[in-house]
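None of the figures in this text is laboratory data; all of them are computed from the coordinates on show. All of these numbers come straight from a predicted model, not from anything done at the bench.
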Amino acid sequence: LQRVRKRGRQGGRRKLAALLLVATAVSLFVTLNDVFEVPSQLFVLVQLLIAACGLGGLFLYASGARSGSPRIRQQLLKALQDHDFEAAARIGDEKEHAIRRVPEFRHNVAVARTLSGDRERGLADLEENAERYPQFVHSLLTLSSFHFDAGDYESALQAAARAADRLKKDPAPLVHQAAALWRLGRLDEAESAAGRAIQLEPEDGEVYAVLA
């Protein structure tokens with residue numbers, strides 16, 4: 001508990017220092033504008049340096065909350081590599097505030113929860129991650145895979161179709177669609193989706209496996 005409090009105080013000091021840096025840069029910038037009526041090259045250079053300090057302060061402030069990210073990433077990856085999904089899920093519970101800020105962490109914890117037996121919560125977390133971070137399409141593809149493995153081919157197809165809308169030039173969503181359509185007995189549509197995937201990636205052996 002003392003270590004947690006210490007980290008919290010350090011994070012607060014880091015943010016306060018960053019904000020002071022920004023405030024100082026803005027103050028100097030305004031003061032120089034008032035003092036120098038005719039800008040010189042030196043004056044412009046000083047302004048640029050001050051502006052850089054201000055941007056640096058903003059960056060420090062924004063990244064302060066992520067200062068523990070490398071350690072969390074390492075802990076999650078080790079747990080997943082060891083197939084200790086319960087441990088990965090516990091990390092998600094213990095460090096929930098930090099994990100919710102990073103889509104990669106949210107995704108990995110959701111996968112761990114699903115594989116550790118908390119399927120309903122894990123799938124819901126994947127769905128939420130896909131909605132909150134549309135660029136992280138991997139959550140939709142993973143959602144599609146989980147539904148497919150459970151025999152819910154309609155849900156697998158829906159997740160894959162949403163992924164295909166976001167990844168127009170990637171064959172992976174089309175492969176997922178083709179597999180789900182094939183299991184649903186919609187063979188013509190499955191062949192069409194597989195054909196589009198082959199056009200994007202002719203060497204993708206997974207597509208041919210779906211049609212085999």
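Under the Kirkwood approximation for Rh and a Cα-based Rg, what ratio Rg/Rh is obtained for region 104-192? Before the final figure, lay out each step's value.
Working: Rg = 12.7 Å, Rh = 12.9 Å.
Over the Cα atoms of region 104-192, Rg/Rh equals 0.98.
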If you take the Cα atoms of region 78-136, find Rg, then find the Kirkwood Rh from the mean of 1/r over all pairs, what is Rg/Rh? 0.95
Give a residue-ordered list of calculated ³J(HN,Hα) values for region 73-83 (Karplus: 6.51 cos²θ - 1.76 cosθ + 1.60, θ = phi - 60°; whole Hz; x for Gly, Pro). 4, 4, 5, 5, 4, 5, 4, 5, 5, 7, 6
Percent relative contact order of region 160-212, based on C-alpha pairs within less than 8 angstrom and at least six residues apart? 33 percent
